[in-house]
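S.K.: Please see the structure below; I have some questions.
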């Protein structure tokens, strides 16, 4: 059973020195009990107390950092089994695997494809997170050469080095350790040499077992010496991996089982790209911190990225754009003015169709706390008064020579009152954004 705040408080110095950043030792103890702070922040705690409090101070699933700079990955750190309980925190890393036996032209093409696996969706840039290089050649010099090429040509992506030969890994790490790649795997046969390298170069390490029991025993052994770990159960069958990942998450969160309190990694095995993406989707949903796959073509990978993005949105906080006045295209004083909510899906649907219409326009994204048109209207966040207030402070009156607003067809009922309150002519536009191009061409090519 986890320790309570009072249990932890008994082990602290009780000096209220505030060196931990909190006002009292009791407040610090309560934060430790919740797993929201680290025991290392207290410089005065005794070694015996540290050992006793380790189970209380450590979060149920440790966060592990891979990479450096703005694209670095934070793995693990999850606190719930289900997104609706709170939210998922750190997105599953999508990683493309390449072999060090590829011919130079094949390697170039592969890196070029992987670098292109990103897109902008709902105002966010999403893409793959890393490249995993496998030491299929079993030759340290070949492995090093390919790692160096990938590191030089894929600078925005993190690196994962899949090699169980400590000699091959040692040949690579001196020149690449500063990028903090994830390395491994450490197995029952090589873990001491691999841990020594991981500690020396301060890089995270994959621990590979053979089933849950074997993995737990190996992790417990390794974690006593090094804690920057990622768990690989060694399983590759989809159903078995699903069960294993679920059990690892449950045991870590519900039972505070420390050997499973680390991020996890899963590998796809399907040869057909369609099957592989489905397999990867299973691992993203339940509960891999990293998914390694072979597919590197946009039609296969981008749907997986979209699925991940949707899964990792915060259910307590709708995705919203900044409530503002936006110019779409080369606007003029005669350009149409569209009104919508600041719900991201609504805004980007409208923006895309305004662009498709080839008629530049303004979009007023009214602050509706990130809710859709009908939801906002039903809750009183998208009514005549709210829109009028936002139109007046948006500055649109100084930018256009007309006084005409286009509102969504679903809220046609507010058109009369909006016209009365705002003093602007109000046109009821299409119900769906897809109707904007036809609407704009029919209306604004003859009457601006």
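S.K.: Is it true that residue 236 is surrounded by fewer than 19 Cβ atoms within 10 Å (Cβ to Cβ) and modelled with pLDDT of 95 or more?
M.R.: yes
S.K.: Tell me yes or no: at least one residue of the range 155-164 is at pLDDT below 95, closer than 23 Å to residue 74 by Cα, under 23 Å from the mean Cα position of the chain (by Cα) and in the same structural domain as residue 287 (by TED's automatic domain parsing).
M.R.: Within the range 155-164, one or more residues are at pLDDT below 95, closer than 23 Å to residue 74 by Cα, under 23 Å from the mean Cα position of the chain (by Cα) and in the same structural domain as residue 287 (by TED's automatic domain parsing).
S.K.: Also, quick follow-up: Filter the range 377-393 for residues that are closer than 11 Å to residue 366 by Cβ and outside any helix (DSSP H, G or I); which is farthest from the chain's Cα centre (by Cα)?
M.R.: Among those that are closer than 11 Å to residue 366 by Cβ and outside any helix (DSSP H, G or I), it is 383.
S.K.: Go through (1) part of a loop (DSSP other than H, G, I, E, B); (2) over 21 Å from residue 226 (Cβ atoms) for residue 59 and report which single condition fails.
M.R.: (2)
S.K.: When the range 271-322 is examined, which residues are found to be out of contact with any helix residue (DSSP H, G or I) (no Cβ under 9 Å at 6 or more places or on another chain), assigned to a helix (DSSP H, G or I) and farther than 27 Å from residue 237 by Cβ?
M.R.: Once the filter is applied, which keeps residues that are out of contact with any helix residue (DSSP H, G or I) (no Cβ under 9 Å at 6 or more places or on another chain), assigned to a helix (DSSP H, G or I) and farther than 27 Å from residue 237 by Cβ, the range 271-322 yields only 309.
S.K.: Please go through the range 390-408 and pick out each residue that is surrounded by 15 or more Cβ atoms within 10 Å (Cβ to Cβ) and over 18 Å from residue 333 (Cβ atoms).
M.R.: Answer for the range 390-408, where residues must be surrounded by 15 or more Cβ atoms within 10 Å (Cβ to Cβ) and over 18 Å from residue 333 (Cβ atoms): 390, 407, 408.
S.K.: Name the residue, out of 325, 355, that is more than 20 Å from the chain's Cα centre (by Cα), in a strand (DSSP E or B) and surrounded by fewer than 18 Cβ atoms within 10 Å (Cβ to Cβ). Give the derivation first.
M.R.: On the way: 355 fails: in a strand (DSSP E or B).
On inspection, the qualifying residue turns out to be 325.
S.K.: Within the range 21-56, how many residues turn out to be in contact (Cβ under 8 Å) with a residue 40 or more places away in the chain and either part of a helix (DSSP H, G or I) or closer than 30 Å to residue 176 by Cβ (or both)? Outline the logic, then answer.
M.R.: Of all residues in the range 21-56, those in contact (Cβ under 8 Å) with a residue 40 or more places away in the chain come to 35, 52-53, 55-56.
This time we only want the ones that are either part of a helix (DSSP H, G or I) or closer than 30 Å to residue 176 by Cβ (or both), so: 52-53, 55-56.
Final tally of qualifying residues: 4.
S.K.: Quick one: in the range 74-93, of everything that is more than 20 Å from residue 38 (Cβ to Cβ) and within 11 Å of the chain's Cα centre (by Cα), which residue is surrounded by the fewest Cβ atoms within 10 Å (Cβ to Cβ)?
M.R.: Checking each candidate, the answer is 91.
The values are calculated or read from the model by the stated rules, or taken from the named source; none is laboratory data. Predicted model only: the values in this text are computed from it and were never measured. Here Cβ is always computed from backbone atoms with ideal geometry, including for glycine, and neighbour counts include all displayed protein chains.
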